[in-house]
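The block underneath contains the structure these notes are about, expressed in structure tokens.
The values are calculated or read from the model by the stated rules, or taken from the named source; none is laboratory data. Small disclaimer: the values here were computed from a predicted structure and weren't measured. Cβ atoms come from the backbone with ideal geometry, glycine included; neighbour counts cover every protein chain shown.
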Amino acid sequence: MPMVLLKCDKDIPEREKHIYLKAPDEDTREYLPISNAATIPGTLSERGCAFCGAKLVIGGVVKDAIQMIHGPIGCAYDTWHTKRYPSDNGHFQMKYVWSTDMKESHIVFGGEKRLEKSINEAFDEMPEIKRMFVYTTCPTALIGDDVKAVAKRVMAERPDVDIFCVECPGFSGVSQSKGHHVLNIGWVNEKVGTVEPEITSPYTINFIGDYNIQGDTQLLQTYWDRLGIQVIAHFTGNAAYDDLRSMHRAQLNVVNCARSAGYIANELKKRYGIPRLDIDSWGFNYMAEGIRKICAFFGIEDKGEALIAEEYAKWKPQLDWYKERLKGTKMAIWTGGPRLWHWTKSVEDDLGVQVVAMSSKFGHQEDFEKVIARGQEGTYYIDDGNELEFFEIIDLVKPDVIFTGPRVGELVKKLHIPYVNGHAYHNGPYMGFEGFVNLARDMYNAVYNPLRQLAATDIRGAASSTAIKEAA
Ligand code: D6N
């Protein structure tokens, strides 16, 4: 039976449809876990809200815009500083958070005046910044504040500023995935095509679905520079607001995270005829394949081969050093969705690591199709997993390392299983050739860390003190 009802789920048997164990000789197309559906009551979901998907994942990465969150203060604080996406302008977007700080009386009497005042205050405080995102949140959307009308008024009074409104309150979807969608479509509807870029190369791309986590975008940028490819816009790692307004001028859309940003790539194709090319940027094999495809599109294959050869010469020996030591390591990946399919085969091919369990918070059917196709037999594939399920899965598959977020990471550490931050990374970047060596290093350091044995030792008992001597 390929769908699995875990013991901890005996009171919520509907969970069976969300957990799949890949078995030999099955037509896996018949067994996709249900996904992108409302969380089942009774399960403690790890998901984020739709607002968070728009703000924390995509909009908040843009480096030169004020992020005005129209709602209670917590919506601002809780989507600030929990991810690391640096920028080359002093990390302006990570330093500050702005909120209209809605209180009960504003909810009763309406928050539009307060929003207008807050927008003006923010621009006055930071006169060098002329761009802004405004987000609605659950309460301000429920009371019907017309944020677009407010933004229009401010833009009429201040002709040098530009404001983009994201109307995507937390309750508007089953997970943060909805926020990705709303922001993608809003941006292409309202902002793309409103700025003309300066074209400096015969080869132009948009790089879509990469958020400069610990410098990913900046590392890949060194490749595009060496290949002579101009990136019109990065959606949205280290991105400038106005660059994203000129996305309509690229010759090719290169998509890394198809989940969060496939929508805008599809719209750019429909409206402007720009082709979409999906690549994986994590892993040696995948990165080389991606560079080959992009170079083939422009007819600059030689340049691509030269770059790949240089990078392999520099980094492959280091990767192999780690591969030698990580071979046979059992890994679990519990992140948002796409990293499951980006990573399962790359760690297997490049590092000899076996992925034994994968859980996606908000992946859709297409994400599960990809991950099950790329993943191994005997591996669990879980949609919207909860903590009790994680503990049971750990007992079943006994992973040596888990790539997940800090919250679940802290839990698994108590079981003396090392975790590596699969969202914001431990010491990234992880994309590209150098990046995958960083990932291997962090995995090696986690798995072989001697502190793990010490942490598992209780020095209060006589038996344990022997153990500690042995460990020492
Ligand atoms: Fe894509 S689906 S945007 S790759 Fe996305 Fe990206 Fe994945 C995700 S940077 Fe994952 Fe998230 Fe991040 S869960 S924040 S690691 V966390 N929405």
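Things worth noting here:
- Candidate set from the stretch 252-272 (those that are outside any helix (DSSP H, G or I) and either closer than 23 Å to residue 199 by Cβ or among the polar types (S, T, N, Q) (or both)); member that is nearest to the ligand (Cβ to nearest atom): 256
- Single match in 73, 129, 66 (criterion: surrounded by 14 or more Cβ atoms within 10 Å (Cβ to Cβ), in contact with an Asp or Glu (Cβ under 7 Å, 6 or more places away or on another chain) and in contact (Cβ under 8 Å) with a residue 60 or more places away in the chain): 129
- Filter result (among the hydroxyl-bearing types (Ser, Thr, Tyr), in a loop (DSSP other than H, G, I, E, B) and more than 16 Å from the ligand (Cβ to nearest atom)) within the stretch 407-444: none
- Residue count, the stretch 208-221 (criterion: without any contact (Cβ under 8 Å) to a residue 60 or more places away in the chain and more than 13 Å from the ligand (Cβ to nearest atom)): 1
- Among the candidates 197, 202, the residue that is touching an Asp or Glu at 6+ places or on another chain (Cβ under 9 Å), assigned to a loop (DSSP other than H, G, I, E, B) and surrounded by fewer than 24 Cβ atoms within 10 Å (Cβ to Cβ) is uniquely 197.
- Residue 295 meets the conditions (1) of a type outside the set (D, E, K, R); (2) part of a helix (DSSP H, G or I); (3) within 16 Å of the ligand (Cβ to nearest atom) in every case but one. The failed one is (3).
- Residue within the stretch 10-30 that is surrounded by 24 or more Cβ atoms within 10 Å (Cβ to Cβ) and either on the phi > 0 side of the Ramachandran plot or part of a loop (DSSP other than H, G, I, E, B) (or both) present: no
Residue-by-condition table, conditions (1) within 16 Å of the ligand (Cβ to nearest atom); (2) in contact with a strand residue (DSSP E or B) (Cβ under 7 Å, 6 or more places away or on another chain); (3) over 18 Å from residue 212 (Cα atoms); (4) modelled with pLDDT of 95 or more:
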position	(1), (2), (3), (4)
10	no, no, yes, yes
27	no, no, yes, no
32	no, no, yes, no
59	yes, yes, no, yes
65	no, yes, no, yes
69	no, yes, yes, yes
106	no, no, yes, yes
